[in-house]
Structures are given as C-alpha cells and as structure tokens.
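Trainee: Please find one structure pasted underneath; my questions will follow.
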Amino acid sequence: MKNFYKLSKLAIICVVIALTSSKDTTAQTVVYGPHIQDAFSGNPGSLYTWDVVTSGALKSQDNTTGLLTVTTALQSGTTTINSVIYNKFRGDIKKTGVSATNLLQLDPSQYPIVAIKMSLPSTVQTNITFDTNLGSFGNGSNKYTGVVNTTDGRNVYYYDLSAASKYFGSGTTNPTNVTNNLSTFQFKVADVLSTETSNATAPTYQVDWIQTFASVADLMVAVSSVLPVNLTSYNASLQSSGNVSLTWNVSSEQNNSYFLVERKDDNNDFTEIGKISSKGNGASTYYFNDNSASSGKNYYRLSQVDNDGTKTELGVKAVDITLNKTKGLSVFPNPITGNDFSFTYATSNNEVSVRISDTSGKVVFSNQVHSNSAGAYRVNLLNKLPQGIYLLNVNNEATQKIVVK
C-alpha cells in the first residue's frame, strides 16, 4: 500500500512538472489588414466587427442609414468654459476579434492612410485618439494628419503612417512607418463636453466607415462625391537652387476659392506661406515655390478653401533642406554690405562656378571665380545687389543663404 501511495504521488508530481514546464505554442496569425474596409452604411454585418469598450456606453445601428451609432457614457469631472459648466462623456470603440493571437496588420508601404469618417458628439470639445497596443498615434489626442470636411456633417479624420517623425506612443520606440502587427486597434472618443447630466440624454456620434488607403489621393477619390476638389497627386521636392517646389493636380473643382499652403519645421506650428487662387472647374495643375525654407526638415500642408470659407486639408509632405550641409562653404562677410565678398569651399579646384539667386528663384549673378593664394574665392559683383536674402550656390553642390544690406 505504501508503494502504491509513493507511485501515485510520483505520478502526480510528474503530471504537475509536465504541465508547468510545457510552453505556450499558440501561433500568432494576421487575420485583419493591411487593407481594412469596415463600412457600416448599408452593411449591418460590419456593425459587429466593432464594439463599444467604455463602461456604460452603448452601440446601436441607425434605422435609416445603417450607421454605427454610439451613445457616450457620463464620466467623472466637469469643465467650465465661459461660466458654463460642462460634464464629460466618453465612448471608445474597438475592432473586435483582434487579440494577442489574432493580429491586425498595418503596412505603410501598401496602405499608409488610416481614416475614420464620423460625426462629433460635441462641438464644444471632443478628443479623438487613434490607439493601439503600441501606444497612440502621435502620443496624444487629435493627432490626426488631416481632416476632410464633408457636406453631411460627418467628417473624415485621417492618419498618415508614412509621415516623418511619427510614432505610436512616446519617444521613438515604435515608429509608424514600418509594418506593425497589432493586438489592439481602437479609437478613443473622450472628453466630450456637454451640459447633459445623465446617460439617458448622453451625446451620440455616428461612424460611416473605418478604412485604410494607399494614398491621400485615393482617400479623396473615396469621398469625392462630397468634395469641391478631387486631388489626384501632391508632391514636394527640393530644387538645386535650395528652393522647395510644390506641385499638385486636381481632376475637378467645384465652388473652390483657393488653395492654402502652410509650412512648419520640427519645432514650430504650421504657418501660412501662400494662397493660390482656383483656376475654375475641370482638371488643373498647380505650382508653388517656397524660397525661404529653413535648414533641416520642413513640412508642407496643402488645404483647399471653399467659397463659403470651409477648409479641407489635402495632405502633408516633408522635405529635408540640407543648407546646413555646405561641404565646407563659408561666406565672409555675411551680411554683405558692398559689391564684393569672399568664401572658402572644400575643393581642390582652383576654379569654381558661382550662382546667386533671389528668393523667387531668379538668377541675379553667375560667373566662374578663382581661388587666391590663401585658398579663398573672391566674388566681385558688377552692381551691388538690392537688400534682401539670396542663395549662393557653388558648383551645383553646396548652397548657403547670404544677406545683403
């Protein structure tokens, strides 16, 4: 009997060891993406691929449109604006079926644009956050790349995963411009301000669709039926003069007043640098030159403004201005006060080509110059240049800004 107990005890120990030492071999599988096409209008089945995750919030389907309708839930805390006390509501939605084993893939090389078309539950304040298990896009709320305004009141908020200096979460740990297999894919709709006081009368919002696109142009095609401008391409490139050239094409325009060009660097907000009037209906090509770009990375946001003042963001492009990489080019004096100046340049050639352009890109001086015994190159201008900022280009290799006073 003692031997029987010993054998039984040994068998139990072996089973426990086997169970505790076994490894989890559950495979991870990409089951969604990278081309996401969750549309709710006229497609009731898609309603169940997204769920409400905020406690107390409710999900339903609009009887007329079929849209995903979310009723937010009252949260703690209030905010006072202009002596009006607002309560806070929230209603987050999450892609169902996505987990640690069933992954959703985002591939910026194929579909870099993640977009959601939705109404806002509050015009006073609504914070939208595109969130994943790696963190939120841009590490905060309302970090969408652009907004496409539509006539039905449900606008499109889109996120460009290929944009420079964008990450999921804080720091630079999880860049957005690489393929990511996600276990969480959701949109947080929080800090919804309202004077309502209970869940019974809580603010609601509706979602038409959540999709990924190959480009902003493709996104514009998807919503072109309600857009005054159908953008087909938008490009930004650095010219040899040091200027940045913007080019965009539209296949049609309707009630478009003008295009707005804004610029920012890594340290500042977008500021307006130009307006280009509409050419009218039909297909057109537009150009804009930025002659005062900063050294380093510059971001260019293109928007369209209707005749009624409605603004629609069309896209953002980044250009790296390498004016600080001057290959040893150094100008003195700078500012220039007379008809001549000198420069040094890292080259073994005694003769170099020099070109000076104004901020419009017009060449105001060009010549071949020779180095002196000290290794410097002296430029004698035929006439003193008007006061302003110019670009000095040497051998089509190095460019530096010069100031004439």
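The values are calculated or read from the model by the stated rules, or taken from the named source; none is laboratory data. Keep in mind it's a predicted model, so treat the numbers as computed, not measured. Counting neighbours? That spans all protein chains shown, and the Cβs are built from the backbone with ideal geometry, glycine included.
Trainee: Given the condition assigned to a loop (DSSP other than H, G, I, E, B), crowded, with 21+ Cβ neighbours inside 10 Å, β-branched (Val, Ile, Thr) and modelled with pLDDT under 95, answer yes or no: does some residue in the stretch 177-194 qualify?
Mentor: no
Trainee: Additional query: Would you pick out the residues in the stretch 177-213 that are among the hydroxyl-bearing types (Ser, Thr, Tyr) and under 21 Å from Asp38 (Cα atoms)?
Mentor: Thr179, Ser183, Thr184, Thr204, Tyr205, Thr212
Trainee: Can you pull out every residue in the stretch 87-112 that is touching a Pro at 6+ places or on another chain (Cβ under 8 Å), closer than 30 Å to Thr195 by Cα and outside any strand (DSSP E or B)? Give the derivation first.
Mentor: Step one: of the stretch 87-112, the residues touching a Pro at 6+ places or on another chain (Cβ under 8 Å) are 89, 91, 105-107, 110-111.
Checking which are closer than 30 Å to Thr195 by Cα leaves us with 89, 91.
Passing the criteria: only Gly91.
Trainee: Does the stretch 124-131 contain any residue that is in a loop (DSSP other than H, G, I, E, B), over 19 Å from the mean Cα position of the chain (by Cα) and surrounded by fewer than 19 Cβ atoms within 10 Å (Cβ to Cβ)? Before the answer, list the steps.
Mentor: Narrowing the stretch 124-131 to residues in a loop (DSSP other than H, G, I, E, B): 124-126.
Still in the running and over 19 Å from the mean Cα position of the chain (by Cα): 124-126.
Imposing the further condition that a residue be surrounded by fewer than 19 Cβ atoms within 10 Å (Cβ to Cβ) reduces the set to 124-125.
Yes - at least one qualifying residue is present in the stretch 124-131.
Trainee: For the stretch 164-175, which positions are in contact with a Gly (Cβ under 9 Å, 6 or more places away or on another chain) and either buried (at least 21 other Cβ atoms within 10 Å of the Cβ) or closer than 19 Å to Val319 by Cα (or both)?
Mentor: Lys166, Tyr167, Phe168
Trainee: Moving on. Just a yes or no: is a residue in the stretch 212-229 part of a strand (DSSP E or B) and within 30 Å of Asn63 (Cβ to Cβ)? Working first, answer last.
Mentor: If we filter the stretch 212-229 for residues that are part of a strand (DSSP E or B), which is where we start, we get 212-213, 229.
Narrowing the set further to residues that are within 30 Å of Asn63 (Cβ to Cβ) leaves 212-213.
Yes: one or more hits.
This table checks each residue for (1) assigned to a loop (DSSP other than H, G, I, E, B); (2) farther than 28 Å from Ser357 by Cβ; (3) at pLDDT 85 or above; (4) touching a strand residue (DSSP E or B) at 6+ places or on another chain (Cβ under 7 Å).
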| position | (1), (2), (3), (4) |
| --- | --- |
| Ser233 | no, no, yes, yes |
| Ser241 | yes, no, no, yes |
| Val261 | no, no, yes, yes |
| Asn268 | yes, no, no, no |
| Gly282 | yes, yes, no, yes |
| Arg301 | no, no, yes, yes |
| Val305 | no, yes, yes, yes |
| Val316 | no, no, no, yes |
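Trainee: Okay, next question. Across the stretch 366-402, what is the number of residues that are over 34 Å from the mean Cα position of the chain (by Cα) and either in contact (Cβ under 8 Å) with a residue 60 or more places away in the chain or part of a loop (DSSP other than H, G, I, E, B) (or both)?
Mentor: 14
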